[in-house]
Amino acid sequence: MSEAAAALTPASGIPLPVVTELSRPYWDGLAEGELRFQRCAACGNAWLPAREECPACLADAWAWEASGGGGRVISWVIYRQGVHPAFADRVPYNVAVVELDEGPRLITSIDAPEDALAIEQPVRLVPWSEQGVHLARFAPVS
């Protein structure tokens with residue numbers, strides 16, 4: 001393991017996200033129980049993950065907004081073998097793409113058994129904390 005990778009991996013072995021000044025509002029929002037995304041001041045496009053320019057029009061004028069927490073499942077996959085040794089005891093687990101009601105898509109997981117997942121399924125944000133890192137997870141809307 002490289003020195004840089006070791007710095008991003010706690011004793012549990014779970015890889016940690018790299019928090020930059022650009023992405024800090026996203027991570028701070030999750031710590032406060034809200035999911036933040038960027039919206040372009042020029043064209044109105046909304047996106048995740050954080051970046052310096054709008055991916056639609058390349059404008060560098062944007063602002064952070066808080067999501068209402070709702071979304072829908074676009075796709076998912078079930079992992080039956082951990083993609084990282086720290087996740088080996090979690091299999092099977094899902095990795096999903098959720099489109100927020102406001103438009104941005106993000107890679108996440110759904111707190112539901114695999115037979116309960118469906119395309120277009122409405123979901124709600126469920127703030128999650130692990131190893132001191134706040135994460136965006138979702139659960140089906142009942």
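Within region 91-136, can you find the residues that are under 25 Å from Trp64 (Cα atoms), part of a loop (DSSP other than H, G, I, E, B) and among the polar types (S, T, N, Q)? Within region 91-136, just Ser109 meets the criteria.
In this entry, Arg39 is excluded by the filter for residues that are in a strand (DSSP E or B), under 22 Å from Ser142 (Cβ atoms), modelled with pLDDT of 95 or more and basic (Lys, Arg). Total residues in region 97-113 satisfying the condition of being surrounded by 12 or more Cβ atoms within 10 Å (Cβ to Cβ) and more than 13 Å from the chain's Cα centre (by Cα): the figure is 5. Only one entry in Pro127, Pro122 is loosely packed, with under 15 Cβ neighbours inside 10 Å, within 23 Å of Gly33 (Cβ to Cβ) and not aromatic (Phe, Trp, Tyr), namely Pro122.
The values are calculated or read from the model by the stated rules, or taken from the named source; none is laboratory data. Just so we're clear, the structure is a prediction, and the values are computed from it rather than from any experiment. Here the Cβ is made from the backbone with ideal geometry for all residues, glycine too, and neighbour counts use every protein chain on show.
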